[in-house]
Amino acid sequence: MEGGKLGTILITNDDGIDAPGLRALVQSLVVADLFNVQVCAPDSEKSAVSHSITWLHPIAVKQVKIDGTTAFAVSGTPADCASLGISKALFPTVPDLVVSGINKGSNCGYHIVYSGTVAGAREAFFNDVPSISISYNWIKGKSDLNDFTLAAQVCLPIISAVLVEAKNPSYPRKCFLNVDVPTVVTNHKGYKLTKQGKSIIKMGWRQVTSETEGQKMSSDMTNTNTDIPKNFDPSSVSAEHLLFTREVRGSHLDDDDSDYKCLQEGYITVTPLAALSHAEVDCQAYFKNWLQSVPGPPSSSSL
């Protein structure tokens with residue numbers, strides 16, 4: 001590798017290129033002086049956009065200054081950013097590793113489906129580039145910005161190890177890694193391999209009379225006291241429109257040895273993920289029998 005470095009890492013996220021989690025991760029990687037660091041991240045917050053992509057129009061890309069890196073702010077989604085960053089249309093080579101994060105808020109259980117952070121890593125996985133998504137379990141009143149730096153530092157060994165191990169032909173290419181760092185980073189219990197659980201924050205809707213009424217959902221989908229997004233245009237809402245806002249109604253948490261439970265116990269969870277959405281075995285068995293009882297479809301001649 002160039003200059004004795006382990007390889008090239010592309011950084012993306014869903015909180016935006018100016019987010020403290022991304023900046024802390026980038027700074028930690030640059031200071032380590034073991035990697036060539038590239039950044040291709042959204043120009044504004046794109047939390048909970050899942051794996052959406054920009055399809056109907058071009059995306060705008062602007063080079064920005066982040067010391068020790070080559071960095072671009074992109075008007076697209078996290079999946080757009082990862083795709084563009086590994087395409088060789090923006091950078092001259094394909095990175096050795098894509099790291100998405102550090103997200104403000106955990107990404108465990110069913111929330112993985114919503115996560116733009118995880119989608120950035122998944123997009124790289126789709127294109128056969130090793131990848132990791134990283135999230136920090138931010139809790140208002142307990143966390144501060146320095147925790148992102150601590151989270152980055154405890155993840156550096158995993159990042160370095162994946163860069164080295166990914167060159168091994170036996171390294172599994174059928175998955176990527178999702179890492180969650182506990183709230184009190186300094187008291188972590190070490191790395192723990194986990195599986196995706198079924199934890200989820202239950203959300204509902206409430207009708208409001210103005211765009212400023214009530215609390216606003218934050219990027220981690222749990223806190224609800226953030227400001228209205230800067231890109232919200234109240235002039236686009238006429239008197240004919242009904243307004244509804246999301247609100248937290250409760251939560252469902254796992255009891256088994258899952259990612260969320262282990263994170264709450266203080267572990268740095270490491271969860272291999274893929275992209276297939278297989279149903280539980282009992283669902284397959286049920287619908288196999290059920291489908292046989294359904295009347296057959298109309299023949300092609302009768303359509």
Point to revise | Set of lysines with alpha-carbon distance to Lys198 below 23 Å, sequence-local pairs under 8 removed | key: Lys104, Lys174, Lys189, Lys261
Practice item. Between Phe244 and Asn187, with labels modelled 7 Å along Cα→Cβ, what's the label distance in nm to one decimal, could you check? Key: 4.0
Check your understanding: Among Leu163, Leu29, Leu243, whose mean-square fluctuation peaks in a Gaussian network model of the chain (Cα, cutoff 10 Å)?
Key -> Leu243
Review point. Roughly speaking, what is the stretch gain from Arg173 to Lys5, that is 0.36 nm per residue apart minus the C-alpha to C-alpha distance, in nm to one decimal?
Key: 58.2 nm
Revision key, fill the gap. Expected unfolding gain across His278-Val31 under the 0.36 nm per residue rule, minus the alpha-carbon gap, is 84.8 nm
Revision key, fill the gap. Given Cβ charges of +1 for Lys and Arg and -1 for Asp and Glu, the option among Trp138, Ser210, Pro92 whose Cα lies farthest towards the positive end of the dipole of the chain is Pro92
**Study point:** Fraction of accessible area attributable to carbon and sulfur, the chain (%, probe 1.4 Å)
**Key:** 55
Exercise for review: Please work out the C-alpha center-to-center distance from the stretch 100-169 to the stretch 10-83 and express it in whole Å.
Suggested key: 13
Study note, to complete from the structure: Expressed in nanometres to one decimal, the distance between label points 7 Å along Cα→Cβ at Thr54 and Arg206 is 3.5
Exercise for review: Straight distance only, please: which lysines reach the Cα of Lys5 with their own Cα at less than 18 Å, same-chain residues fewer than 8 apart left out?
Suggested key: Lys167
Revision key, fill the gap. If R0 = 41 Å, then Phe287 and Ile139, at their Cβ-Cβ distance, give a FRET efficiency to the nearest 0.05 of 0.55
Point to revise | Extended-chain gain in nm, criterion 0.36 nm per residue less alpha-carbon gap, Lys198 and Tyr110 | key: 31.1 nm
Study note, to complete from the structure: accessible surface per residue for the chain, probe 1.4 Å, DNA/RNA/ligands not counted, whole Å² -> 54
Exercise for review: Find out how many positive minus negative residues lie around Pro272, taking Lys and Arg as positive, Asp and Glu as negative, among other residues whose Cβ is under 11 Å from that of Pro272.
Suggested key: +1
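The values are calculated or read from the model by the stated rules, or taken from the named source; none is laboratory data. Owing to the predicted nature of the structure, the values given are computational and were not obtained by experimental measurement. As a convention, Cβ positions derive from the backbone with ideal geometry for all residues, glycine included, and neighbour counts pool all protein chains shown. For the accessible areas, the whole protein counts, side chains as well, though only heavy atoms, and no ligand, DNA or RNA atoms are used. Shrake-Rupley method; radii C 1.70, N 1.55, O 1.52, S 1.80 Å.
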